[in-house]
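Working notes for the structure below.
Computed from the coordinates by the stated procedures, all read-outs in this text should not be read as laboratory data. Everything numeric in this text was worked out from a predicted model, so none of it was measured. Cβ: placed from backbone, ideal geometry, glycine included. Neighbour counts: every protein chain shown.
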Amino acid sequence: MNILFFLKPKSEVAYLYDDYSMRQALEKMEYYRYSAVPIINRNGNYVGTITEGDLLWSLKNMGLQTLHESEAIPLRTVKRRWDNAPVNVQCNIEELMQTSLNQNFVPVIDDNQTFIGIVTRKQIMNYFYDTYKRTEKGDA
């Protein structure tokens with residue numbers, strides 16, 4: 001099975017550019033109500049994943065007193081605890097599943113490291129649940 005079946009394309013995904021400010025990141029994450037968002041550079045390459053926790057710890061550790069102060073801090077300077085591991089668009093379903101076990105979404109990149117979208121763990125689980133239910137009923 002091709003992982004493109006699961007792909008939520010970049011055009012439908014909330015993401016941040018690494019030159020955005022911390023404030024822009026916070027506001028976008030609040031708007032979409034996401035706790036983690038992919039970061040890309042202006043060339044479209046996947047850079048990493050920023051989480052609410054990364055931003056909160058950075059605000060605390062930098063001693064920022066107001067949200068206004070976060071406007072001057074580029075996202076690329078924020079220390080991240082970890083990044084969601086990406087998979088290549090050509091990977092097999094087993095690699096996609098294995099990668100999704102430890103993260104809520106899997107960034108998908110092409111051979112040039114260009115971010116093309118994500119696959120959510122929920123999408124994978126729904127697919128296999130539906131497959132299981134069809135098999136259980138004898139439809140598969």
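Over 27 Å, how big is the tail of the calculated P(r) for the chain, in percent of all Cα pairs? Value for the chain (Cα pairs over 27 Å): 28 percent.
Charges were assigned to the Cβ only: +1 to each Lys and Arg, -1 to each Asp and Glu. The resulting dipole of segment 1-44 about its Cα centre is roughly 80 debye.
Comparing mean-square fluctuations of GLY48, GLY117, GLY63 from a GNM of the chain with C-alpha springs under 10 Å, the top value falls on GLY63.
A straight chain from GLN90 to GLU27 at 0.36 nm per residue would run longer than the Cα-Cα distance by 19.3 nm. Residue exposure proxy: MET29, MET125, ordered by other Cβ atoms within 10 angstrom of their Cβ from fewest to most, comes out as MET125, MET29. Close amide-amide hydrogen proximity is noted between ILE50 and VAL37, ILE39, each under 5 Å apart and 5 or more residues distant or on a separate chain (H modeled in the peptide plane; Pro and chain starts excluded).
In plain terms, if you count all Cα to Cα distances in segment 42-117 and split them into 5 Å steps from zero, the share in each step is 3, 14, 21, 18, 15, 12, 9, 5, 2, 0 percent. Across segment 104-118, the residues whose backbone nitrogen lies under 19 Å from the label position 7 Å along the beta-carbon direction of PHE5 are 106-109, 117-118.
Among PRO86, PRO107, PRO74, the residue with the largest mean-square fluctuation in a Gaussian network model of the chain, with springs joining Cα atoms closer than 10 Å, is PRO74.
Calculate the dipole size of the chain relative to its Cα centre from +1 charges on Lys and Arg beta carbons and -1 charges on Asp and Glu beta carbons; express the result in debye to the nearest 20. Spell out each step's value before the answer.
Values: 16 positive and 17 negative charges, 51 e Å.
Using Cβ point charges on Lys, Arg, Asp and Glu, the chain gives about 240 debye.
Springs join every pair of Cα atoms under 10 Å in this Gaussian network model of the chain, and among ASN84, ASN104, ASN126 the largest mean-square fluctuation is at ASN126. Each residue of segment 105-117 is assigned a 3J(HN,Hα), and the resulting list reads 9, 10, x, 10, 10, 9, 5, 9, 6, 7, 5, 10, x Hz, derived from the Karplus form 6.51 cos²θ - 1.76 cosθ + 1.60 (θ = phi - 60°), x at Gly and Pro.
The long axis of helix 121-137 is offset from the longest Cα principal axis of the chain by roughly 20 degrees. Between MET62 and ASN104, the contour length at 0.36 nm per residue exceeds the alpha carbon distance by 12.3 nm.
Pairs of Cα atoms in segment 1-66 fall into 5 Å distance bins, from 0 up to the last occupied one, in shares of 3, 15, 24, 23, 17, 9, 5, 2, 1, 0, 0 percent.
Using only helices, what value at 222 nm comes out for the chain when you add -39,500 (n - 2.57) per DSSP H run of length 4 or more and divide by the total residues, to the nearest 500 deg cm²/dmol?
Value at 222 nm, helices only, nearest 500: -10500 deg cm²/dmol.
Look at TRP82, TRP57 and count the other Cβ atoms within 10 Å of each Cβ; fewest to most, that gives TRP82, TRP57.
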